[in-house]
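Read the structure below first, then the notes.
The values are calculated or read from the model by the stated rules, or taken from the named source; none is laboratory data. Remember, it's a predicted structure, so these values are computed and weren't measured experimentally. Note that each Cβ is placed from the backbone with ideal geometry, even for glycine, and that neighbours are counted across all protein chains shown.
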Amino acid sequence: MANAIIYCRKQIKKEETKMKDTTYTKKLAYMGAGCGVVLFAVFGLLPGSFLGGVMGLNIAGILLGTPVGAGLLPRMIVAASMVVGVMVSGVMFITASATLGWLAGTVVDAVKAEKKEPATVEHK
């Protein structure tokens, strides 16, 4: 029992001395992802659904004949491809902007890093 108490005290002391993460890489990557969501909502949602719908019309035309009818199956194909188009557009916007944010954070961390002088060794 005493060993468990000593172990718990060591763990608490270890947690208290843990250094904070002061890097900007993760913070700017999250900020970039947030900006990507906003950019996607403004610029990517409508074009993604348009391109997905056109792709769905082409797929339905290939599978069911060129003049696509108003049946249930062609509508389901077009709707599913519109959803896929929107999802691909969202993934592209969010991934690209998060990557740019991560890259900017890496540059900021490199600039803010302290310059360390090499250690000198004296020979006897």
- prompt: Out of the stretch 51-65, which residues are in a helix (DSSP H, G or I) and surrounded by fewer than 14 Cβ atoms within 10 Å (Cβ to Cβ)?
  reply: I62, L63
task: Might you check whether a residue that is part of a helix (DSSP H, G or I) and either over 28 Å from M31 (Cβ atoms) or more than 23 Å from the chain's Cα centre (by Cα) (or both) occurs anywhere in the stretch 106-124?
output: yes
query: Name the pairs: first residue in the stretch 66-84 and in a helix (DSSP H, G or I), second residue of a type in the set (V, I, T), Cβ to Cβ under 6 Å, at least 6 apart or on different chains?
result: P74/V68; I77/I59
task: Answer yes or no: is there a residue in the stretch 15-37 that is more than 25 Å from A110 (Cα to Cα), at pLDDT 95 or above and part of a helix (DSSP H, G or I).
output: yes
task: Might you check whether a residue that is exposed (fewer than 14 other Cβ atoms within 10 Å of the Cβ), modelled with pLDDT under 95 and more than 27 Å from G32 (Cβ to Cβ) occurs anywhere in the stretch 102-116?
output: yes
